[in-house]
Every structure is written in structure tokens, then in C-alpha cells.
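What follows is a short report on a single structure.
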Amino acid sequence: PEIFSVQLRAMIKASAGLDNLRILLPMISGIHELEDAQYHIHRAWRELCDEGLQVKLPPVGIMIEVPSAVYQAHDLTRMADFVSVGSNDLTQYLLAVDRNNARVAALYDYLHPAVLAALQQVVTAARNCNRPVSICGEMAGDPLAAVLLMAMGFDSLSMNATHLPRIKWLLRQMPLQHARQLLQQSLQMDSPYLVHSTLLLALEDMGLGKALNPGASVQI
């Protein structure tokens, strides 16, 4: 807590006159952790205000990265200002797969129906609480997954800059209604392999297959 308080004071001081600070709390697993973090943030802010610093209280967001946060998504989201999903860790923990372990890495798949259902639950919670929701990780930069994420209602996708042209091009070509139909089909499947093949065929049939080729040239 002492180190956290020092960091908070430094961040809030640095935002004076700019008011562009947003604090995103990682690995939140329950309400008590968020309440504790918010207490320290408010305390640091109040101390600085009492010292004469003119600065606004920064928005505080949460990272949904562990299964417990998915099940408490509504209550957590209601207490936060914005929400972000860490798809790499959430997939890993939901499937109990260490993606860095060669023996089990093949079981790591963010298109697993259980992962998709968890993501939809988070977006629904954010929508019900009128909070913006974003997602980061490998999933956001995958054209197949990006179509489903758009259909779910994510406000923004955070990815490596090299993926941006293909993802932008694809999402601009993909009708939202069609993406929602693909999402509903995917959520009803019982295997990530079926999800992969369904999405691949759909993009090929729509003439959007070149989005799957990292070396393809697309016009944004």
C-alpha cells in the first residue's frame, strides 16, 4: 500500500493542468480489491488537494482478466468508470492452459465457446451500467475474432499496430448484422474448431479472405 500510494501521488501530480490521467487496475478478482484500490486513490487525491494542488479525480477502470471478475462483472463494472478485458490472461485462466508451456499450448484458444460466452457476459454488464468497454491482447488483432468482438459490442480493440490496417479494412467491409449472426452461431457451437472453420468460410464467401493474410495489401 505504501508503494501504491507513492505511485498514485506521482501520477496525479503529473496530470495537474492536463486532466488526462486514467487509472486502469489490473488483475482485479473481487469487489474488495477494487474498493481497497479506490480508497487509496481517493486518499492520495484528497491529500494532494489539501496540499493546494488543483487536479481532478481521475477516472478509474478495471481489467477483467480472471474468471471471478467475469462472474462479478456487473457489480465491478457498476463501481468502475470504464472496463477493459485482457483476453490473453482471461483465456489462459478460463481454460487452465499455460500458453507458454509447449505441452499444453495447443489447448489455448480464445475462440473457445466458453471464452466467447464470458466476453459477451462482460460486455452485457458494461452496457447495463453504461460503461465503455475495450479489449486488448492477441484476440483483438485476429481478424476472425475481431468480427465477433465487434458483434458483441466492444467499443475499442487494442492491438499491435501491424494488425491495424487489416482489422480496420475488415470491420468496415463486414455488415454488423452479419457479424451478429456469426456471433450467435459461434456461441451455440461446442468446439473452437467449429468456430474457426465457420468464420473462415464466412469470410471467404464474402470475399474478405485477404484480411486473413498478414502480407495482403488493403485499402483503408
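Tell me which residues, restricted to the range 149-169, are in a helix (DSSP H, G or I), touching a helix residue (DSSP H, G or I) at 6+ places or on another chain (Cβ under 7 Å) and within 27 Å of A125 (Cα to Cα).
Kept after step one, since they are in a helix (DSSP H, G or I), are these residues of the range 149-169: 149-152, 161-169.
With the extra rule that they be touching a helix residue (DSSP H, G or I) at 6+ places or on another chain (Cβ under 7 Å), the set shrinks to 149-152, 163, 166-167, 169.
Of everything in the range 149-169, those that are in a helix (DSSP H, G or I), touching a helix residue (DSSP H, G or I) at 6+ places or on another chain (Cβ under 7 Å) and within 27 Å of A125 (Cα to Cα) turn out to be L149, M150, A151, M152, I167.
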>> Looking only at the range 42-91, count every residue that is of a type outside the set (A, V, I, L, M, F, W, C), under 23 Å from L111 (Cα atoms) and open to solvent by less than 20 Å² (accessible area, probe 1.4 Å) and tell me the total.
In response: 5
> Mind checking which residues of the range 129-149 are free of Cβ contacts under 8 Å to residues at least 40 places away in the same chain and of a type in the set (D, E, K, R)?
Replying inline: D142
>> Between a residue in the range 194-213 that is closer than 26 Å to A114 by Cβ and any residue that is of a type in the set (D, E, K, R) and not in a helix (DSSP H, G or I), which pairs come within a Cβ distance under 9 Å, given they are 6 or more apart or on different chains?
In response: V195/D109; H196/D109
> What are the residue pairs meeting all of these: first residue in the range 150-168, first residue at pLDDT 95 or above, second residue charged (D, E, K, R), Cβ atoms under 7 Å, and 6 or more apart or on different chains?
Replying inline: A151/R180; G153/R127
> So which residues in the range 97-125 are in a loop (DSSP other than H, G, I, E, B), open to solvent by 50 Å² or more (accessible area, probe 1.4 Å) and closer than 21 Å to S186 by Cα, if there are any at all?
Replying inline: H112
> Are any residues in the range 129-144 within 12 Å of the chain's Cα centre (by Cα) and in a helix (DSSP H, G or I), and if so, which ones?
Replying inline: E138, M139, A140, G141
>> Tally up the residues in the range 1-30 that are free of Cβ contacts under 8 Å to residues at least 24 places away in the same chain and either charged (D, E, K, R) or under 12 Å from A80 (Cα atoms) (or both), please.
In response: 1
>> Can you go through A105, A96 and tell me which one is without any contact (Cβ under 8 Å) to a residue 12 or more places away in the chain, touching a helix residue (DSSP H, G or I) at 6+ places or on another chain (Cβ under 9 Å) and of a type in the set (A, V, I, L, M)?
In response: A96
> Between residues in the range 31-44 that are under 22 Å from V66 (Cα atoms) and residues that are in a helix (DSSP H, G or I), which pairs lie under 8 Å by C-beta distance while being six or more apart or on different chains?
Replying inline: I31/D75; I31/L76; I31/M79; L34/L76; L34/M79; E35/M79; A37/F4; Q38/M79
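Being within 19 Å of H163 (Cβ to Cβ) and either open to solvent by less than 20 Å² (accessible area, probe 1.4 Å) or under 22 Å from the mean Cα position of the chain (by Cα) (or both) is the filter here; which residues of the range 187-212 pass it?
First, the residues of the range 187-212 that are within 19 Å of H163 (Cβ to Cβ): 196, 199-200, 203, 208-212.
Scanning the range 187-212 gives H196, L199, L203, L208, G209, A211, L212.
The values are calculated or read from the model by the stated rules, or taken from the named source; none is laboratory data. All values derive from a computational prediction rather than experimental measurement. Cβ sites come from the backbone with ideal geometry, for glycine too, and all protein chains shown count toward neighbours. Note: accessible area is taken over every heavy atom of the protein model, side chains too, but ligands, DNA and RNA are not part of it. Shrake-Rupley method; radii C 1.70, N 1.55, O 1.52, S 1.80 Å.
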